[in-house]
Protein chains: 2
Amino acid sequence: MHKIYFTPGPSKLYYTVEGHVKNALKSQVSSISHRSKQFENIYSHAVGQLRELLNVPGEFEIFFTSSATEVWERLIQNCVENSSFHLVNGAFSRRFYEISRDLGRDAVISEVEPGHCIDPSETNIPESVELIAVTQNETSTGVAQPLEDIYALKDQHPDKLMAVDAVSAVPYIDLDFNRIDSLFFSVQKGFGLPAGLGVWIINEKGIEKAKSMQRSGLSIGSYHSIPSFLSKSGRHQTPETPNVLGMYLLGKVAEDMLSKGITQIRKETEYKAALSYNLLENHPLMEPFVINPKYRSKTVIVAKTAIDSKKIIDKAGEKGMVIGSGYGQFKNKHLRIANFPTHSKEQFEMLADFLNEYSHE
Amino acid sequence: MHKIYFTPGPSKLYYTVEGHVKNALKSQVSSISHRSKQFENIYSHAVGQLRELLNVPGEFEIFFTSSATEVWERLIQNCVENSSFHLVNGAFSRRFYEISRDLGRDAVISEVEPGHCIDPSETNIPESVELIAVTQNETSTGVAQPLEDIYALKDQHPDKLMAVDAVSAVPYIDLDFNRIDSLFFSVQKGFGLPAGLGVWIINEKGIEKAKSMQRSGLSIGSYHSIPSFLSKSGRHQTPETPNVLGMYLLGKVAEDMLSKGITQIRKETEYKAALSYNLLENHPLMEPFVINPKYRSKTVIVAKTAIDSKKIIDKAGEKGMVIGSGYGQFKNKHLRIANFPTHSKEQFEMLADFLNEYSHE
């Protein structure tokens, strides 16, 4: 039986992916050279469609890594000589902070309890910090940092690089790239693609930082340093043999999303989120984990359950629906539900019906 | 028209891959959590099949990266504090050397002209070197370093780590892991899989080196440091959300190769190589680029052409066969032909017929 994955990444594949994979096999995409014209077309198609879908200005470059986890490392290596600052709302923003420490940087943390969100007016960012890391959508807790907070922080610190982890928020969020310096995500969440590809978008200021670190004789890595990416990206190529199939699929899905319309996708996301939070607010056994509605993620909905969440997950599984368990310490206390573009209104209504019926143990 | 890719990676997919991809879609492999039991089964299946196929002893760990290029970087980061030594036979072994330099190490090079192979008895490896890097099969020139050379070098330098890049030689080569410390490759060559996955095999001595560097307070990277890999590999998991589909396919293809039999695969590889070199030695317009038969790769066959090789490649293309062009400076002077397990004897005979007929401009 084909199950519906509501897990927050990997999740249900975008509904057009299966067809694209079959076409990729037919046209032998996985056999072509990554130095061929055919590959360059796949590369520039993916970049072009992403640029249009996410409204990325020309002064930003788009690079391909193997995961968003890799981008955490590359951002620190390339853009932080001494100190980074991390707004930590949960496990994934914490991991970004730890990577900066692993790389020997002076990483400064501003952390709140899970389910809460940092008020940027209460953070104290030292002058020496070079990069501010914000996880716009915390997949572990379902907390979302409002974009206005991010812009306000950038306004207060225009000299620092603003790096936004939007891993489970794209393509839903309508971001103004002119007010940040870097955005990154992986494809197995909002884009509904097989895992194994990360996307790193960064502007001239971030690129210049890497170049100046390199000029100072600092090591900024090797094949995936920004100058190494740039040495190939101008020709629509990558430094290594990349995940060609993943790049092909990303271009195709971004194109499909463009023809559906990003406004329509956003509207549907909001409808499904409203349906879900409304249900949770009125449910005898569940409530939204994030108390303040202003901080509730539209794309990763986390419910606190009065009973062992595994019971609910198992029951949903019997009906062909896979719901995510809580993250880490919340494993048996939460449900996590992805609300991505691939999840239809009808599928959410089916999920809502199931949850509404599940009103006692 | 379905073409036959004889290019040396990416190459023709292993003939069972298409079926496995379809099964992966059916069983929703790309939607499962990388922290689930289902994923752990995929992981341990891939490791188990590889271990059996390549005869990897228990004291070696098998890690998954995104490419062999990544392994170059991780090996230097994790296992070289000051100095690495590189036997350079072509463009790819040179790239490994450059990565060590990019990472600020003192990289020592012993280089020969393209098409030749270093005689290890003539190399002078400084005492301070911690790791010796050998590219067993140079995909750019078709030169293969005999395994006996590698074992001899290790015997002379038992204290140093011996790292073998076998990117386009596995699973053909029958390596004695007890006489090296690390082996690595990517999957889009001999395994005939879509690109986007590297395999890094390393023994206790290499692992201990990384741990001791970490204890000394040196940075050995972050999510893909050896200790970080180990913190997850014991549970058959990876630090990041990996290329799950690639790992699934690798396990399946390794299983297929095991049921075919590695002895049979090796025998067929040798038959196809003999056919090809015999043809080249008697051809009016081509000859083997590697003069000394002892150094000729069985898996990447490089021909020097008396005419512009593009003409031959274009003509082959019309017949549905894709032959690789020369690498770098040899672009229009060489043909590169992959002889991987997916290439059948019949396909090689067809290629030979074409090349034999192509006897004048």
- Selection count where residues are buried (at least 19 other Cβ atoms within 10 Å of the Cβ), in contact (Cβ under 8 Å) with a residue 24 or more places away in the chain and within 14 Å of chain A (Cβ to nearest Cβ), scope the range B:301-325: 4
- Item | Filtered residue count, the range B:211-260, keeping only those that are hydrophobic (A, V, I, L, M, F, W, C) and more than 13 Å from chain A (Cβ to nearest Cβ) | 4
- Query: Can you name the number of the only condition in (1) away from chain B (no Cβ under 14 Å); (2) modelled with pLDDT under 95 that residue A:167 fails?
  - Reply: (1)
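Being surrounded by 16 or more Cβ atoms within 10 Å (Cβ to Cβ), hydrophobic (A, V, I, L, M, F, W, C) and over 20 Å from the mean Cα position of the chain (by Cα) is the requirement here; does residue A:39 meet it?
yes
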- Query: Within the range A:281-292, can you find the residues that are within 24 Å of the chain's Cα centre (by Cα) and buried (at least 19 other Cβ atoms within 10 Å of the Cβ)?
  - Reply: A:288, A:289, A:290
- Which one is farthest from residue A:189 (Cα to Cα), of the residues in the range A:309-361 that are aromatic (Phe, Trp, Tyr) and outside any helix (DSSP H, G or I)? A:358
- Message: buried (at least 24 other Cβ atoms within 10 Å of the Cβ), within 30 Å of residue B:219 (Cα to Cα) and touching a Ser or Thr at 6+ places or on another chain (Cβ under 6 Å): which single residue out of A:83, A:110, A:168, A:128 fits that description?
- Response: A:168
- Item | Every residue from the range B:138-164 that is within 21 Å of residue B:65 (Cα to Cα) and at pLDDT 95 or above | B:161, B:162, B:163, B:164
- Kindly indicate whether residue B:50 is assigned by TED's automatic domain parsing to the domain that holds residue B:217 and in contact with a Ser or Thr (Cβ under 6 Å, 6 or more places away or on another chain). no
- Being part of a helix (DSSP H, G or I) and hydrophobic (A, V, I, L, M, F, W, C) is the filter here, so list the residues in the range A:219-253 that pass it. A:226, A:229, A:230, A:244, A:245, A:247, A:249, A:250, A:253
- Name the residues in the range A:134-163 that are more than 24 Å from residue A:264 (Cα to Cα) and among the hydrophobic types (A, V, I, L, M, F, W, C), would you? A:134, A:150, A:152, A:153, A:161, A:162, A:163
- Message: Against the condition on the phi > 0 side of the Ramachandran plot and in the same structural domain as residue A:167 (by TED's automatic domain parsing), how does residue A:28 come out, does it pass?
- Response: yes
- Note on the structure: The residue from A:232, A:205 that alone is free of Cβ contacts under 8 Å to residues at least 40 places away in the same chain and surrounded by fewer than 20 Cβ atoms within 10 Å (Cβ to Cβ) is A:232
- Task: Exactly one condition in (1) in a helix (DSSP H, G or I); (2) in contact (Cβ under 8 Å) with a residue 60 or more places away in the chain; (3) away from chain A (no Cβ under 14 Å) is not met by residue B:270; state its number.
- Result: (2)
- Would you point out the residue of the range B:161-172, among those that are part of a loop (DSSP other than H, G, I, E, B) and in contact (Cβ under 8 Å) with a residue 40 or more places away in the chain, that is nearest to residue B:93 (Cα to Cα)? B:167
- Within the range A:293-328, how many residues turn out to be closer than 18 Å to residue A:138 by Cα and either over 22 Å from the mean Cα position of the chain (by Cα) or of a type outside the set (S, T, N, Q) (or both)? 15
- Cβ pairs under 9 Å, 6+ apart, first in the range A:13-31 and modelled with pLDDT of 95 or more, second acidic (Asp, Glu): A:14/A:256; A:15/A:256; A:16/A:256; A:20/A:256; A:25/B:18
- Task: With respect to residue B:183, determine if the residue is in contact with a strand residue (DSSP E or B) (Cβ under 7 Å, 6 or more places away or on another chain) and more than 14 Å from chain A (Cβ to nearest Cβ).
- Result: yes
- Query: Does residue B:214 count as part of a helix (DSSP H, G or I) and over 24 Å from the mean Cα position of the chain (by Cα)?
  - Reply: yes
- Candidates B:175, B:197, B:218, filtered to the one that is among the aliphatic types (A, V, I, L, M), buried (at least 24 other Cβ atoms within 10 Å of the Cβ) and touching a residue at least 60 places away in the same chain (Cβ under 8 Å): B:197
- Note on the structure: The number of residues in the range A:88-128 that are touching a residue at least 60 places away in the same chain (Cβ under 8 Å), closer than 20 Å to residue A:148 by Cβ and among the hydrophobic types (A, V, I, L, M, F, W, C) is 1
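The values are calculated or read from the model by the stated rules, or taken from the named source; none is laboratory data. Keep in mind that this is a model prediction, so the values were computed, not measured. Virtual Cβ from ideal backbone geometry, glycine too; neighbours counted across all protein chains shown.
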